[in-house]
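Written out below as structure tokens is the structure these notes cover.
All of the numbers you see were taken from the coordinates with simple rules; none came from a lab. Predicted, not measured: the structure shown is a model, and the values here were computed from it. Cβ coordinates were reconstructed from backbone atoms using ideal geometry, including for glycine residues, and neighbour counts include every protein chain displayed.
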Amino acid sequence: MACEAEFEPQPFRYTCDKCGENLDAVYDYQAIARTWHPDDLRHNRDRSLWRYLPLLPVAKAPSDRSIIAGGTPLVELPRIADDYGISRFTVKDDTRNPSGSLKDRASEVGIRHAIEQGHRRIVVASTGNAAASLSCLSAFYGVTAVILAPASAPPAKLTQIIQYGATLLPVDGTYDNTFDLALEVTREFGWYSRSTGVNPVMSEGKKTVALEIAEQYEWNPPDYVFVSVGDGCIIGGVYKGFYDLYRLGWIPHIPKIIAVQAEGSSAIVRALQGDGVIRPVSATTRADSISVDLPRDGLKALRAVNDSDGFGILVSDDEILNAQWELSRKSGIFSEPAGACAFAGFTKAVREDLLPSRSSVCTLITGSGLKDIPAARMKIVIPEKIPATMEGFRGRMGL
């Protein structure tokens, strides 16, 4: 991607042989456009991400699709649009995926790709969601998942991993330490790596969220898409999905992609607001899923924002938790802090007059709040118990 070198899909490689940077999948858009059209999707009853197979780097979809990754709802929220003075506001609710996060898109495509490459053992470095996702879908497809996750990951996510039967190795270190160890394991044992920021197939799975947004917007995408950013893989995938559709001629424009980061994990937004050079930070944020010292897909993240004429914005942990609380009360969607970060970025952009008043906006919610209950508890207080009497009820309700 950095040096523009090109390689055939086989033999599969994780990074560029020449410059060592991350790779990008390139498609023959003219050939695809000759045989695949929006009308084909209109009549396609498969609601999973495999409806977009011509734009995915695998030969065949799995035959058993009784577990569905993708196909998540686009939730219309006119009250939020009115509250913030824009024409249309939607949430792409990826908490509805099998393991409760957008990462299932990458795991689904990655597992299929691994099987086609002859692998039945997959290793991942993750702050929790990607690990839970791989564990969930590996259990369904009957492959072996080996999970390296920081020991500090939320207990709910570690519990998910173990519940699905994966091998969990909690690492005494940061996500970046964990990522480096996973790379060593991949080199030493030759296992398939599902780690984002090194395997280009992960971006291709995650880009299906953009394909769905475009289709759900009837091929006229929103003006802005807000994305929480950690490693940079999701936002890179979002841009790639819209780019693919634009090259096919299916959409008239690529939305402006907005990168939202926590102030305590800000390497990509700092680069966007500065000289364009990504420098590592000492990440610390309550939004654990986007807590990253050195983004491993940073170049794709910068490209997503710059090539779409978007921008980056930073939010505090307090703004994230307030956004989590507000979104739940106005939409019925319970997001984990990392997902709510995108909504926090949207509300801050409106406050700072960064959006035209009649804009249409879509915000990605990437993971369920049930994965990190202690974070939500920071903003709420469980009421004290009442007696099991009508008097107790009336007293509490003021009746």
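Identify which of 99, 195, 282 has the largest mean-square fluctuation in a Gaussian network model of the chain, with springs joining Cα atoms closer than 10 Å.
The residue that fluctuates most here is 282.
For the stretch 103-201, what is the convex hull (Cα atoms) projected area averaged across all directions, in square nanometres?
Working: hull surface 21.4 nm².
Here the figure is 5.3 nm², rounded to one decimal.
For residue 40 paired with residue 316, estimate the spin-label separation in nm (one decimal), with each label point 7 Å from Cα along the Cα-to-Cβ line.
Taking the two extended label points, one gets 5.1 nm.
In the neighborhood of residue 223, defined by Cβ-to-Cβ distances under 13 Å, what is the net charge if each Lys or Arg adds +1 and each Asp or Glu adds -1? List each step's numbers first, then the result.
Numbers: positive: 88, 256, 358; negative: 309.
Net charge around residue 223: +2.
For a Förster distance of 25 Å, can you work out the FRET efficiency between the beta-carbons of residue 353 and residue 330, rounded to the nearest 0.05? Each step should come with its number before you reach the end.
On the way: r = 22 Å, r/R0 = 0.86.
The computed FRET efficiency comes out at 0.70.
Order by neighbour count: 206, 385, 300, 379, fewest other Cβ atoms within 10 Å first, most last. Don't skip to the end; give the middle numbers.
Details: 206 28, 385 8, 300 25, 379 13.
Going from sparsest to densest Cβ surroundings: 385, 379, 300, 206.
For helix 317-331, report the angle its Cα long axis makes with the longest principal axis of the Cα atoms of the chain; keep it between 0 and 90° and round to the nearest 10°.
The answer is roughly 80 degrees.
Using only alpha carbon pairs under 8 Å that are at least six residues apart, calculate the relative contact order of the chain and give it in whole percent.
Numbers: 803 pairs, mean separation 65.0, N = 399.
The value is 16 percent.
Take the Cα pairs of the stretch 1-74, get the Kirkwood Rh, then feed it into Stokes-Einstein at 25 °C and 0.890 mPa s and tell me D in µm²/s. Show your work: numbers first, answer last.
Working: Rh = 14.9 Å.
Rounded, D is 164 µm²/s.
Please work out how much length the chain gains when fully extended from residue 59 to residue 2, using 0.36 nm per residue of separation minus the C-alpha to C-alpha distance, in nm with one decimal.
Values: separation 57, 0.36 × 57 = 20.52 nm, distance 2.67 nm.
Result: 17.9 nm gained on full extension.
Lys/Arg Cβ at +1, Asp/Glu Cβ at -1, dipole of the stretch 357-398 taken about the Cα centre: which of 397, 373, 360 is farthest positive-ward?
360
In what sequence, highest mean first, do 134-143, 176-185 appear when ranked by Cβ atoms within 10 angstrom? Please list the in-between numbers first.
Values: 134-143: 21.6, 176-185: 18.8.
Ranking the peptides 134-143, 176-185 by packing returns 134-143, 176-185.
Please say if the stretch 195-238 is rounded, prolate or oblate, where rounded means a/c under 1.5 for a ≥ b ≥ c the square roots of the C-alpha gyration tensor eigenvalues, and otherwise the choice is prolate for a/b larger than b/c and oblate otherwise? Before the final figure, lay out the partial values.
Details: a/c = 4.11, a/b = 1.80, b/c = 2.29.
Since a/c reaches 1.5 but b/c is at least a/b, the shape of the stretch 195-238 is classed as oblate.
Stretch residue 282-residue 15 to full length: gain in nm at 0.36 nm per residue minus the Cα-Cα span? Present the calculation step by step, with values, prior to reporting the outcome.
Numbers: separation 267, 0.36 × 267 = 96.12 nm, distance 2.54 nm.
Between residue 282 and residue 15, full extension yields an extra 93.6 nm.
I'd like the orientation of helix 298-307 relative to the chain: the angle between its Cα long axis and the longest Cα principal axis, in ° from 0 to 90, rounded to 10.
Between the helix axis and the principal axis of the chain, the angle is about 80 degrees.
Under a plain spin-label model, where a point goes 7 Å from the Cα along Cα-to-Cβ, how far apart in nm are residue 378 and residue 390?
4.4 nm
Just the Kirkwood number for the chain, please: inverse of mean 1/r across all distinct Cα pairs, in Å, one decimal.
Details: mean 1/r = 0.0468 Å⁻¹.
For the chain, the Kirkwood estimate is 21.4 Å.
Before rounding to the nearest 500, sum -39500 (n - 2.57) across all DSSP H runs of length at least 4 in the chain and divide by the residue total; then give [θ] at 222 nm in deg cm²/dmol. Before the final figure, lay out the partial values.
Values: 16 runs with 162 residues, N = 399.
One gets -12000 deg cm²/dmol as the mean residue ellipticity at 222 nm.
In what sequence do 226, 311 fall when counting other Cβ within 10 Å, fewest first? All intermediate terms of the calculation are to be shown ahead of the outcome.
Values: 226 28, 311 19.
Least to most surrounded, the residues fall as 311, 226.
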